[in-house]
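**Student:** One structure, as structure tokens, below. Some questions next.
The values are calculated or read from the model by the stated rules, or taken from the named source; none is laboratory data. Since the structure is predicted, the reported quantities are computational estimates derived from the model, not experimental observations. Because the Cβ atoms are built from the backbone with ideal geometry, glycine has one as well, and the counts that use them run over all protein chains shown.
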Amino acid sequence: MEMIAQSPFAEISTLLVMAAVIGFLGIILRQPLIVSFIAVGLIAGPSALDVVRSDEQIDLLSELGIAVLLFLVGIKLDVKLIRSLGAVSLLTGLGQVAFTSVFGYLIGLALGLGAVTSLYVAVALTFSSTIIIVKLLSDKREIDSLHGQIALGFLIVQDLVVVLAMIVLSAIGIGAGEGGHGGGSVPLVLASGVAMVAMVVLFVRYVANPLTERLARAPELLVIFAIAMAAMFAAIGDIVGLGKEVGGLLAGVALASTPYRETIAARLAPLRDFLLLFFFIALGSALDLSLLGAHVTGAVIFSLFVLIGNPLIVLVIMGALGYRKRTGFLAGLTVAQISEFSLIFVAMGVSLGHVQEDALGLVTMVGLVTIAASTYMITYSHQIYAVFERFLWVFERNGTPREPSEAGAHRDDGHKVIIFGLGRFGTAIGIRLQKRGVKVLGVDFNPQAARRWRELGLATEFGDATDPEFVAELPLRQAEWIVSTVPIHPTGLSHEDTRTTLIQLTRMSGFRGRIAVASHHARDTEELFASGADLVLEPFQDAADRAVDLLCGAPEAERTEIPLLGSEEKDAS
């Protein structure tokens, strides 16, 4: 340990190895890396191994990581995207923020934290982790579902609240002493802020697009330019008193309207994760384990409040707006945790001298508990919903007016084929069946996919293939075929995927026709047949067979037709 302490390079190398090992264990336990990285800091800190000695180097990397993180938040805040936010995202986001902050503040006072500390903790509890939510929803292929899009919408609202909170905090911190972001009076800092915003507006209006277009010819230079923007604006924000966080965010906003923002965000995401590693290590190493133990009761109470209260308020608001209880429940589970911004926010309060270190320890404990628990809640959201479904009727209005507008108009139109999954493969099948005079009904939980089908003149139902109530309401008895092209992803502890779940639900709902499912892996074929599929479609294999036929000179008439209607033969290929 002594040799490591004498070499900053050896120290950081040791921390990286520890992060890799503990991160791997976290993945096995299905935990996000934030939890693992904070654990690295706790283990490497003075309370355990006492490895962390190069505080200046780690703090520098940590501050750069925060600047890049806020930059990537800002680059997502496109004006067009903000304008497109629906009422549900705005009302749900603001409602959740108001509910959590007010009741969190009252809980803090009841626990004897003091007015200022209670306010900081309450505001910190309002932020949900965009990184964790997007990652988990993407892994479940639910990022484009209705509840996924609504969740992204109110996450953007939360990001805007983060911006306002940090700006207000920076203004309050002016003249707070050595811990502040800089000197100067309030009018001077406000004038500096206005000047930075004006600079961003002018940059967006006249410089951003042509400059990034030229830089994009050398992608590496575009990435370096983006990092330079984040660091420069963060430094300017720190100098004028607005803080590195606000400066980094404004840098992101300056590039948010460019056509290369997604490229920049994708290239910088690994760097952000690497640099934030040191923020969480620094945070964990600065925490005193005995100090954490002093707030166990408060951490448990606040954790239960976040895990239960946040989903509940989302469910109430979405139910009042006319969404089905299932959509509200699944969207609500996404906000059952606090985020890295919560820790950054309280850390700013500590640096300004507004709150003590134990407040940061309390919020960190809440973060560890809620992030760990919500990971499982989101991963197994459908199973949790099945348990609580019978108690949720009170949160659903009669008729659910927000969702039938997307569906319900094609219940009795004599559809012979119902296609679940309206991506490229499902759409191609639907169009070809329609050209042959076969009546087709398409089903998808992605509003954009359903809208595209309607634009093509095809009958469409908006709903979730794993929702028993929705599947039971479909016109199954008159259909001859059900075709599933939905993406493959596990739906629960039993490791059944959406395809087998759909087979079971349709049979339970009285469907007596034949079922075809798409598979991209030959090893799934026998399992799908065993689950009740009558036909397994293998898009890549089928396309390859057709391509070989054409290359070998087979005429168009020799193309093998799959008997979708009226045939009783099972295709075992």
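**Student:** Can you say whether residue 121 is of a type in the set (Val, Ile, Thr), at pLDDT 70 or above, over 30 Å from residue 420 (Cβ atoms) and surrounded by fewer than 19 Cβ atoms within 10 Å (Cβ to Cβ), as far as the supplied structure shows?
**Tutor:** For residue 121, the condition - of a type in the set (Val, Ile, Thr), at pLDDT 70 or above, over 30 Å from residue 420 (Cβ atoms) and surrounded by fewer than 19 Cβ atoms within 10 Å (Cβ to Cβ) - is not met.
**Student:** Which residues, counting only those in region 13-43, are surrounded by 21 or more Cβ atoms within 10 Å (Cβ to Cβ) and more than 26 Å from residue 374 (Cα to Cα)?
**Tutor:** The answer is 15, and nothing else.
**Student:** What number of residues in region 320-363 are of a type outside the set (Phe, Trp, Tyr) and part of a loop (DSSP other than H, G, I, E, B)?
**Tutor:** 14
**Student:** I'd like to verify a number: residues in region 491-537 that are at pLDDT 85 or above, part of a loop (DSSP other than H, G, I, E, B) and of a type outside the set (A, V, I, L, M), how many?
**Tutor:** Within region 491-537, residues that are at pLDDT 85 or above, part of a loop (DSSP other than H, G, I, E, B) and of a type outside the set (A, V, I, L, M) number 6.
**Student:** Follow-up. Are any residues in region 538-553 in a helix (DSSP H, G or I) and within 18 Å of residue 421 (Cα to Cα), and if so, which ones?
**Tutor:** Correct list: 539, 540.
**Student:** Just checking, which of 375, 297, 370 is polar (S, T, N, Q), modelled with pLDDT of 85 or more and surrounded by 18 or more Cβ atoms within 10 Å (Cβ to Cβ)?
**Tutor:** Going through 375, 297, 370 in turn, just one is polar (S, T, N, Q), modelled with pLDDT of 85 or more and surrounded by 18 or more Cβ atoms within 10 Å (Cβ to Cβ): 370.
**Student:** To continue, here is another question. What residue, among those in region 382-391 that are modelled with pLDDT under 85 and within 16 Å of residue 331 (Cα to Cα), is nearest to the chain's Cα centre (by Cα)?
**Tutor:** That would be 382.
**Student:** I would also like to ask the following. Is one or more of the residues making up region 402-417 touching a helix residue (DSSP H, G or I) at 6+ places or on another chain (Cβ under 7 Å), surrounded by 15 or more Cβ atoms within 10 Å (Cβ to Cβ) and at pLDDT 85 or above?
**Tutor:** Among the residues of region 402-417, at least one is touching a helix residue (DSSP H, G or I) at 6+ places or on another chain (Cβ under 7 Å), surrounded by 15 or more Cβ atoms within 10 Å (Cβ to Cβ) and at pLDDT 85 or above, which makes the answer yes.
**Student:** Next question. Inside region 206-265, can you point out the residues that are under 23 Å from the mean Cα position of the chain (by Cα), buried (at least 17 other Cβ atoms within 10 Å of the Cβ) and in a loop (DSSP other than H, G, I, E, B)?
**Tutor:** Of everything in region 206-265, those that are under 23 Å from the mean Cα position of the chain (by Cα), buried (at least 17 other Cβ atoms within 10 Å of the Cβ) and in a loop (DSSP other than H, G, I, E, B) turn out to be 255, 256, 257, 258, 260.
**Student:** Additional query: Among 72, 111, 91, 81, which is surrounded by fewer than 19 Cβ atoms within 10 Å (Cβ to Cβ), at pLDDT 80 or above and either within 14 Å of residue 154 (Cβ to Cβ) or under 17 Å from the mean Cα position of the chain (by Cα) (or both)?
**Tutor:** 91
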